[in-house]
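Only the coordinates and a few stated rules stand behind these numbers; no lab work does. No experiment lies behind these values; they were computed from the predicted model shown. A quick note on method: Cβ atoms are made from the backbone with ideal geometry, for glycine too, and the neighbour counts reach across all protein chains shown.
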Amino acid sequence: MKYVDEFRQPEKAEALRREIAKLSQQLGKHIKIMEVCGGHTHSIFKYGIEEILPDSIELIHGPGCPVCVMPKGRIDDAIAISQNPNIIFTTFGDAMRVPGSQTSLLQARATGADIRMVYSPLDSLQIARDNPDREIVFFALGFETTAPSTALTILQAADENIPNFSMFSNHVLVIPALQALLENPDLQLDGFIGPGHVSMVIGTDPYQFISQKYHKPIVVSGFEPLDIFQSIWMLLQQLIENRCEVENQYNRLVENAGNSVSLEAMNKVFAVRENFDWRGLGEIPNSGLKIRDEYAQFDAEVKYTIPNVKVADHKACQCGEILKGVLKPWQCKVFGTACTPETPIGTCMVSSEGACAAYYKYGRLSTIAKKTMVEKPKFTIA
Ligand code: SF4
């Protein structure tokens with residue numbers, strides 16, 4: 001298949017759905033599959049995939065939305081940097097609305113900080129070239145998907161010797177997060193839909209521990225409906241055949257060894273932090289990336305003083321439970337009432353990859369939510 005429409009053909013989706021239904025009947029038990037990546041969560045809600053799967057297959061929405069896992073303290077740090085009148089603070093649009101402890105970057109901009117939305121770190125570097133009298137800071141965040149572009153931008157800045165440019169690095173790593181989830185006794189999963197974009201960079205080899213140590217199957221998947229249906233089908237096949245393997249459904253883009261150019265750039269620029277605090281998941285060892293000492297002149301954490309204070313989440317917010325797959329979005333007490341995409345209380349309502357935002361946009365009237373509401377009448381849907 002070559003064009004995107006071919007991955008959305010209804011008759012093929014229906015054929016796969018029927019095969020999945022047969023396999024799930026053959027398995028004869030309730031199974032829980034976590035889609036790790038927020039991009040998959042978005043597609044699942046957008047195309048109503050969960051709605052037409054057999055009731056015995058439950059999709060758990062994992063922590064793979066980079067904005068959702070950003071802790072309040074790091075947002076406060078970003079806002080603190082942006083308050084310096086000589087700084088132009090640049091960020092992806094999603095991060096603008098993430099609530100910190102008091103305010104968001106969007107609100108900080110409204111009160112006078114020079115905060116600009118960019119589409120790439122290279123846009124930020126261009127702003128630095130165009131404004132030699134100002135200091136430019138880029139809010140670098142995301143998984144291994146975006147870390148290579150940050151690394152390459154720092155290498156470019158070093159090549160050109162641009163002195164007024166730096167990054168506030170908040171990049172996180174998917175493997176330690178998966179390990180933390182697999183160690184969580186509350187979360188009994190039967191398999192994983194592996195993240196497609198991250199895997200384009202790291203490959204499929206790093207997931208071997210999931211099958212070898214934790215005896216769970218994982219299928220790295222593309223993002224179109226047929227990709228996701230096929231990945232679920234492949235996972236069920238593994239379960240029926242008692243196999244726990246790393247399989248690659250997204251082999252049109254993902255190679256087992258990953259992308260060597262991206263990995264090389266990341267290794268050159270970044271070192272692994274001993275610990276990084278994830279919203280809702282707490283501190284996870286070796287799960288964040290910091291800029292290496294050799295590139296300290298481009299490290300905003302070295303150049304500027306930041307508060308670096310841990311801040312607890314809003315007490316009504318249940319993003320932690322959503323990110324761990326323990327609750328569904330509509331089961332949060334403030335979903336769709338106090339917390340909406342316009343007035344997010346938690347991070348999962350901000351990005352389109354966040355489970356709450358995706359569910360708010362596409363799934364509020366789904367039969368799954370309605371069923372759960374009958375069982376749990378205290379939950380409110382706007
Ligand atoms: S509805 Fe809002 S507060 Fe509740 S879990 Fe989702 S994002 Fe967090």
Exercise for review: May I ask you to derive the FRET efficiency for V309 and T340 from their Cβ-Cβ distance with R0 = 25 Å, giving the value to the nearest 0.05?
Suggested key: 0.35
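So what is the calculated 222 nm ellipticity per residue for the chain, using -39500 (n - 2.57) for each DSSP H run with n of 4 or more, over all residues, to the nearest 500 deg cm²/dmol?
Values: 17 runs with 145 residues, N = 382.
Calculated from helices alone, the mean residue ellipticity at 222 nm is -10500 deg cm²/dmol.
Which order do R116, R243, R109, R74 fall in if you start with the one that has the fewest other Cβ atoms within 10 Å? Spell out each step's value before the answer.
Details: R116 14, R243 11, R109 18, R74 25.
With the fewest neighbours first, R116, R243, R109, R74 line up as R243, R116, R109, R74.
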Practice item. Give, in nm to one decimal, the length gained when the segment between E321 and V302 is fully stretched (0.36 nm per residue of separation minus the Cα-Cα distance). Key: 3.5 nm
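Quick check on packing: order 196-205, 122-131 by the mean number of other C-beta atoms within 10 Å, highest mean leading. Provide the component values of the computation, followed by the final result.
Values: 196-205: 22.3, 122-131: 16.9.
Those peptides, ordered most packed to least, come out 196-205, 122-131.
Taking the number of other C-beta atoms within 10 Å as the exposure measure, put C244, C68, C356, C339 in order starting with the fewest.
Numbers: C244 15, C68 30, C356 33, C339 27.
The most exposed by this proxy come first: C244, C339, C68, C356.
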Review point. Given a cut-off of under 8 Å on Cα pairs at least six residues apart, what relative contact order in percent is computed for the range 1-313?
Key: 22
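Taking 22 Å as R0, compute the FRET efficiency from the Cβ-Cβ separation of E11 and R252 and round it to 0.05. Let's see the in-between values first.
Numbers: r = 21 Å, r/R0 = 0.95.
Efficiency at R0 = 22 Å is approximately 0.55.
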**Study point:** Simple spin-label estimate for K2 and Q212 in nanometres, 7 Å along Cα-Cβ
**Key:** 4.0
**Study point:** Base-10 log of normalised Debye intensity for the range 1-313 (one unit scatterer per alpha-carbon) at q = 0.09, 0.12 Å⁻¹
**Key:** -0.50, -0.84
Check your understanding: Distance in nm between label sites at Q126 and K32, each 7 Å beyond Cα in the beta-carbon direction?
Key -> 4.6
**Study point:** T103-Q83 pseudo-label distance in nm [points 7 Å out on the Cα-to-Cβ vector]
**Key:** 0.9
**Study point:** Mean Cβ neighbour count within 10 Å, used as a protection proxy, ranking 247-257, 28-38, 269-279 highest first
**Key:** 28-38, 269-279, 247-257
Review point. Can you give the FRET efficiency for C244 and N184, using 1/(1 + (r/R0)^6), R0 = 22 Å, r = Cβ-Cβ distance, to the nearest 0.05?
Key: 0.75
Check your understanding: Among the lysines in the range 11-130, how many pairs, 8 or more places apart or on different chains, have alpha carbons under 29 Å apart?
Key -> 9
**Study point:** Burial ordering of M349, M234, M70, M117, fewest other beta-carbon atoms within 10 Å first
**Key:** M117, M234, M70, M349
Practice item. Using only Cα atoms, locate the centre of the range 102-158 and the centre of the range 182-253, then give the distance between them in Å, rounded to an integer. Key: 33
